[in-house]
C-alpha cells in the first residue's frame, strides 16, 4: 500500500484514477491546483508517489515538478507525469524537470497501475553494497541542487583496473575494494565540512560526489593521496601483497610500463547556479571527460573548465 497524491484539474479523470488505484490497494488524495498540492506537501511527509498533470491552473505541472525536486523532504518523491501533449520535445522537457516517467492521455488504467508499482518498487534509492544512495538516488540529489539553483561541483569517481583485480581476488575482494573507496569518499567529504555534500554509488567501481565548488579539487587530491598511501595495506588484506610488490617493481624499471593496480580517476564539472541545465547534461559532460581521460591513459583529476 502506498500514499499517492493525484494532481489534475480534470476532476472526473482524477476521481477515476483515485478509485482504480484505491481498489488496487493504495490510498489516494486528489488535488486540482498546484499551489494547494504544494501546501499539502509542505505539511506532510506521508506521500509515496505523485501523479502530476502538466496543464494546471496557476502553477504548471512543470513548475510543481521543479519545486518538488527542490523540496527539503520530498525531493526523492517518484513523479509520474500525465498529459495530453504527445510530442517528444514536451516529454523530454518534463523528464528534464525531474519526473521519473511520463504517460500520455487518454490513459490506460492498467498501464498506470503498472507504472505506479514499478516506480514504487524502484524507490529504495540505496545501494546494498555500499549503503550509499544508488544511481537514481544521486541523480535526484543532483536534480535537487539544480532546482535550488545552488552552485556545486559534481565529481565522477572511477575505480580503475577493478575487473583485473576481481579476477585475482574473486567477488568478495572486488566488493571489499568498492566498499573501501565508498567509505573513503564519504569520510573525507564529511571532513571538508562542505556546505553541500553527497556521495552516491552508480554501480561497480563508479561513484558520484556532489560538493561545493571550492572543495572539489581539494577532495579529489585528498582521496587520491590517502588511496595511494593505504593501497599496500589493502592489497595485503586481500592476500595480494606479492602481486602489488611485483607490479611496483616493474614500474620502477620502466615508468611507462602498464600498472594493473587499483587506481582512481576523477572527472569534475561545475554548475554555477545560473545556467539552466539538467542532470543529464552534467552527466554528459562527465562522460566526455572520462572518454578523454581513458584515451589519454593517464589517471588523475580532469576538470571541465568551460564553467
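Would you check if residue 37 is over 21 Å from residue 103 (Cβ atoms), surrounded by 15 or more Cβ atoms within 10 Å (Cβ to Cβ) and either assigned by TED's automatic domain parsing to the domain that holds residue 111 or touching a residue at least 40 places away in the same chain (Cβ under 8 Å) (or both)? Answer is no for this residue.
Screening the stretch 43-54 for residues that are touching a residue at least 24 places away in the same chain (Cβ under 8 Å) and surrounded by fewer than 15 Cβ atoms within 10 Å (Cβ to Cβ) and picking the one that is nearest to residue 116 (Cα to Cα) gives 46.
Confirm whether residue 199 is in contact with a strand residue (DSSP E or B) (Cβ under 6 Å, 6 or more places away or on another chain), free of Cβ contacts under 8 Å to residues at least 60 places away in the same chain and crowded, with 20+ Cβ neighbours inside 10 Å. First the steps, then the outcome.
Details: in contact with a strand residue (DSSP E or B) (Cβ under 6 Å, 6 or more places away or on another chain): yes; free of Cβ contacts under 8 Å to residues at least 60 places away in the same chain: no; crowded, with 20+ Cβ neighbours inside 10 Å: yes.
Against the criterion (in contact with a strand residue (DSSP E or B) (Cβ under 6 Å, 6 or more places away or on another chain), free of Cβ contacts under 8 Å to residues at least 60 places away in the same chain and crowded, with 20+ Cβ neighbours inside 10 Å), residue 199 does not qualify.
Consider the stretch 219-270 and keep the residues that are in a loop (DSSP other than H, G, I, E, B), in contact with a helix residue (DSSP H, G or I) (Cβ under 9 Å, 6 or more places away or on another chain) and farther than 30 Å from residue 284 by Cα. The one that is modelled with the lowest pLDDT is 257. In summary, residue 1 fulfils each of the numbered conditions (1) surrounded by 15 or more Cβ atoms within 10 Å (Cβ to Cβ); (2) in contact with a strand residue (DSSP E or B) (Cβ under 8 Å, 6 or more places away or on another chain) with the single exception of condition (1).
When 95, 185, 103, 146 are screened for being touching a strand residue (DSSP E or B) at 6+ places or on another chain (Cβ under 8 Å), modelled with pLDDT of 90 or more and under 30 Å from residue 213 (Cβ atoms), only 185 passes.
Residues in the stretch 202-223 that are more than 25 Å from residue 146 (Cα to Cα) and touching a strand residue (DSSP E or B) at 6+ places or on another chain (Cβ under 6 Å): 1 in all. Filtered by the rule that a residue be within 25 Å of the chain's Cα centre (by Cα), over 22 Å from residue 42 (Cα atoms) and at pLDDT below 90, the stretch 52-91 gives 88, 89, 90, 91. Scan the stretch 169-178 and tell me whether some residue there is touching a strand residue (DSSP E or B) at 6+ places or on another chain (Cβ under 8 Å), assigned to a loop (DSSP other than H, G, I, E, B) and under 25 Å from residue 288 (Cα atoms). There is no residue in the stretch 169-178 that is touching a strand residue (DSSP E or B) at 6+ places or on another chain (Cβ under 8 Å), assigned to a loop (DSSP other than H, G, I, E, B) and under 25 Å from residue 288 (Cα atoms).
Checking each residue in the stretch 102-141 for being at positive phi and either surrounded by fewer than 15 Cβ atoms within 10 Å (Cβ to Cβ) or part of a helix (DSSP H, G or I) (or both) picks out only 131. Residues considered: 218, 167. Of these, the only one that is surrounded by fewer than 21 Cβ atoms within 10 Å (Cβ to Cβ) and free of Cβ contacts under 8 Å to residues at least 12 places away in the same chain is 167.
The values are calculated or read from the model by the stated rules, or taken from the named source; none is laboratory data. Model, not experiment: these values are computed from the prediction. Please note: Cβ atoms are built from the backbone with ideal geometry, for glycine as well, and neighbour counts cover all protein chains shown.
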